[in-house]
Each structure stands twice: as C-alpha cells, then as structure tokens.
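The values are calculated or read from the model by the stated rules, or taken from the named source; none is laboratory data. For clarity, every value in this text was computed on a predicted model and none was experimentally measured. Note that we place each Cβ from the backbone using ideal geometry, even for glycine, and neighbour counts take in every protein chain shown.
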Amino acid sequence: MTDSTTTYTGPERVFSGVQPTGALHLGNYLGALKKFALLQHDMECIYCIVDLHAITVFQDPKTLADQTRHIAAAYLASGVDPAKALVYNQSAVRAHTELAWYFNCVARTGWVNRMTQFKDKVGKNAEKASVGLYTYPVLQAADILAFKATHVPVGEDQKQHLELSRDIAQKFNNDFGVPNFFPHPKPLIDGPGAKVMSLRDGTKKMSKSDPSDASRINLTDDADAIAKKIRKAKTDTGDVPATMKELEGRPDIANLVGIYAALANISEKDVLAQHAGSQFGPFKAALADVAVEAMAPITDLMSRYLADPDELDRILSKAGDKAAEIADPIVADVRKIIGFRGA
Ligand code: TYM
C-alpha cells in the first residue's frame, strides 16, 4: 500500500515527538533528541511533547505537567534551540485531536491490528487496554500530518508507525481526490543510534519500562552511575573484534560498539579499528569516558532548565501558539475537503 513516490510540492518540514512518561534514556537521546538538534540548522523543525499519547496509559494528574516540562528541558539540554525550532506540548494544540478523529475514519482496523508495538505492549491483556492505546498510531499520523511534515526523525521502533502514517496520507489523498494534499512523511532513522539495546541483554531494546535500571543509561544519571552501568554491561568471553562481520551474532558487543560510535560521532568501523583486540575492561573504560563526556553537559543543563519552570512554560506556550497557527489552516482545509457544512 505504501507508495514512496509523491508529487507533493509543499515546503519541507520536520516533526517529531517524545512521550512525557518516565525518565529519558540514551536510546531516546541517540534515536531522537540528538537528531532533533542537528536538523534545526537546515530545516523548519517542530518538536512536540506528546502528552495526549501519554494518557493512553493512566497518568497521575498531579505529575503530568511536570513530566512534560521534564521532556521540554531534555529537548533544550540536547541542543534544541527554541529560537530555531518549536517546542510545545501536544494537548495545547487542538488540531491533533481533531485530525486524529478524521484519520480514525480513514485508517482501516486491519492496518492498526498489524501494529507490533501495541501487541508487544498489551500481550495477552488487549481487552483491558484503553481504546486510545489501540488507536495511538493514528494520533501519531495526525501529529505529523497536521503540519504536513515531510521528515520525521525517530528511532527504529517507530518505523511501522511511520508506514501507517504514509498509508493514511495516501488513502486520504485518494479517497477525497486530492492527490498531493498530504505528503508521504519520510522517517529519518539512520546511524548507529537508531536502535540502542539494553545493557543487560543486547537482543532487547533499551526501554523506560525495563524493570532493571542497570539496563539503561538515564539522561539524569551522573558520571559515576554512567561509568558503573557501562562497567557492568553484559559482554561475552571474547575481545573486541576487528571487522563488522565478526560482530554478527554478538548482540551485546555490537550494541556497545554502536553506542560508542553514535556518542563519538564516528563510524562503527572506526570504533573497531581503534579498539580491535582490546579486552572488554579497557574498552568499557574508554566507552564510559566517551559517554560521560557526551552526557554530563546534558544532565547538567537539564537541571538548570528544570530549575526555572516558568521559563519552560513561556517557551512551551509561545511555541504552542505558533504551532496552532500552522496546523489550524491545514485542518480547516481537511474539513472543507471532507465536505462538512459550514467548513
Ligand atoms: P517514545 O516516547 O517511546 O520515544 C521517543 C523517541 O525515542 C526513540 N527511542 C529509541 N531510539 C533508539 N533506541 C532505543 N532503544 C529507543 N527507544 C526509544 C523512539 O523511536 C522515538 O523516536 N510514538 C512515539 C512518539 C510520537 C511521535 C509522534 C514520534 C508521537 N507522535 C510523531 C514522531 C512523530 C513514541 O512513543 O516515542
């Protein structure tokens, strides 16, 4: 169904989002936040804190706003400049929920049923999950397309959701005879940081919901905690190989090499060239140095931003207004295309 060819001629625009649920980790940073900061120099960028997605699982009303500020602080600390990019929270812009409803009527249940993230998350308890969790990727399509975004920087786990966004865009365009109305948004998933795995199990994604804190490096971890977690990271009995081919079938080592490459801004091949034959003790010590050097300024900046919640709120509110100015006319056009009276 997905067709990557489109004759869409509108402006290029970047959109992405992160959920305000729990502490962010190295996977979020390398898969998303780091790319957010890089892209803002070349393209128009809109970065959202997706609080509507967060409430698909119950969130304590007493902490939701603070969790949202926490993610805003992480965006800024990772280098997103509010003078260059919009940073706002999703619930402040009504276009998201409105377009999500229209897309619920465009997306097919068969498409949503295929979403592996929902299946992985609910396991055998699908009947107890909220309806919102089920249609979560439809809201994600609305997020992106409310801005006619053309590029979406995300980690690899979001690939299938992006395919759904493209299918929805294409079906809307086809059904209503508006071939170039929505672009087919392109995921930006390159580089070694796109799939950071657990430090305790290289076959499992690094995740906020892993019960073991040792499995992930949190953006709030201090230098000691980072070094300790890397020292304890799972390895095998060999040493650092010389070629990419030799990394095959060694997921824990491949993960550490990928993390090293992403943090040091070099290729995995270069990491191997520098450390081939090294035992894991010294390799982990070198990796800890690289990680602390990259992460310590972020942790530090984050606490500085969090110390001034009023300033964060000003940034979020101002960007929310600007985001609405972009999305509202697009959703007004959608209303006209659908044919509502008074649209
Ligand atoms: P969320 O909040 O789960 O994750 C935020 C971003 O972090 C990436 N990520 C990873 N990247 C590499 N390795 C990992 N181990 C890892 N874990 C998480 C995710 O791919 C994501 O880019 N559905 C989205 C939020 C969303 C969104 C959107 C994204 C809502 N609307 C529109 C893009 C466009 C999510 O739950 O991300």
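Scanning segment 209-220 for residues that are over 20 Å from F36 (Cα atoms) and within 12 Å of the ligand (Cβ to nearest atom) turns up S209, D210, S215, R216.
Of the residues making up segment 186-204, those that are in contact with a helix residue (DSSP H, G or I) (Cβ under 7 Å, 6 or more places away or on another chain) and farther than 16 Å from K229 by Cα number 9. Take the conditions within 12 Å of the ligand (Cβ to nearest atom), surrounded by fewer than 16 Cβ atoms within 10 Å (Cβ to Cβ), farther than 20 Å from S303 by Cβ and touching a residue at least 12 places away in the same chain (Cβ under 8 Å) and apply them to V50. Does it pass? The answer is no for V50.
W111 falls short on exactly one of the conditions (1) modelled with pLDDT of 95 or more; (2) within 15 Å of the ligand (Cβ to nearest atom), and that condition is (2).
Report yes if some residue within segment 236-250 is touching a residue at least 24 places away in the same chain (Cβ under 8 Å), under 24 Å from the mean Cα position of the chain (by Cα) and either within 30 Å of S165 (Cβ to Cβ) or crowded, with 19+ Cβ neighbours inside 10 Å (or both); otherwise report no. No, segment 236-250 contains no residue that is touching a residue at least 24 places away in the same chain (Cβ under 8 Å), under 24 Å from the mean Cα position of the chain (by Cα) and either within 30 Å of S165 (Cβ to Cβ) or crowded, with 19+ Cβ neighbours inside 10 Å (or both).
Quick check: is even one residue across segment 328-343 touching a helix residue (DSSP H, G or I) at 6+ places or on another chain (Cβ under 7 Å), without any contact (Cβ under 8 Å) to a residue 12 or more places away in the chain and not acidic (D, E)? Yes - at least one qualifying residue is present in segment 328-343.
Among the residues making up segment 290-324, those that are more than 21 Å from D222 (Cβ to Cβ) and aliphatic (A, V, I, L, M) are L312, I315, L316, A319, A323, A324.
From the list P183, P179, the one residue that fits, being assigned to a loop (DSSP other than H, G, I, E, B), closer than 24 Å to V93 by Cβ and more than 9 Å from the ligand (Cβ to nearest atom), is P183. When the residues of segment 90-148 are filtered to those that are of a type in the set (K, R) and under 22 Å from P185 (Cβ atoms), the one that is surrounded by the most Cβ atoms within 10 Å (Cβ to Cβ) is K148. When the test is whether a residue is surrounded by 24 or more Cβ atoms within 10 Å (Cβ to Cβ), touching a residue at least 24 places away in the same chain (Cβ under 8 Å), within 8 Å of the ligand (Cβ to nearest atom) and over 17 Å from G10 (Cα atoms), V196 passes it.
Between P309, P329, P297, the distinction of being closer than 17 Å to L33 by Cβ and of a type outside the set (G, A, S) belongs to P297 only. Considering only segment 52-154, give the helices (runs of 4 or more DSSP H) lying wholly within it that have at least 3 residues that are in contact with a strand residue (DSSP E or B) (Cβ under 6 Å, 6 or more places away or on another chain). Per the criteria, 64-77. On inspection, Q158 qualifies as without any contact (Cβ under 8 Å) to a residue 40 or more places away in the chain, within 21 Å of K35 (Cα to Cα) and in a helix (DSSP H, G or I). Of the residues making up segment 149-163, those that are within 11 Å of the ligand (Cβ to nearest atom) and either farther than 19 Å from I326 by Cβ or surrounded by fewer than 21 Cβ atoms within 10 Å (Cβ to Cβ) (or both) are H151, V154, G155, E156, D157, Q158, K159, Q160, H161, L162.
Here's the yes/no breakdown for (1) aromatic (F, W, Y); (2) without any contact (Cβ under 8 Å) to a residue 24 or more places away in the chain; (3) near the ligand (Cβ under 9 Å from one of its atoms):
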position	(1), (2), (3)
Y8	yes, no, no
Q19	no, no, yes
L26	no, no, yes
L33	no, no, yes
D42	no, yes, no
A65	no, yes, no
G79	no, no, no
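Among the residues of segment 198-253, those identified as in a helix (DSSP H, G or I), within 27 Å of P297 (Cβ to Cβ) and of a type outside the set (S, T, Y) are D213, A214, A223, D224, A225, I226, A227, K228, K229, I230, R231. The combined condition, being within 16 Å of the ligand (Cβ to nearest atom), crowded, with 17+ Cβ neighbours inside 10 Å, touching a residue at least 24 places away in the same chain (Cβ under 8 Å) and more than 24 Å from Y75 (Cα to Cα), is fulfilled by A233.
Condition test on L188, is it over 16 Å from the mean Cα position of the chain (by Cα), within 13 Å of the ligand (Cβ to nearest atom) and within 30 Å of V271 (Cα to Cα)? In short, no.
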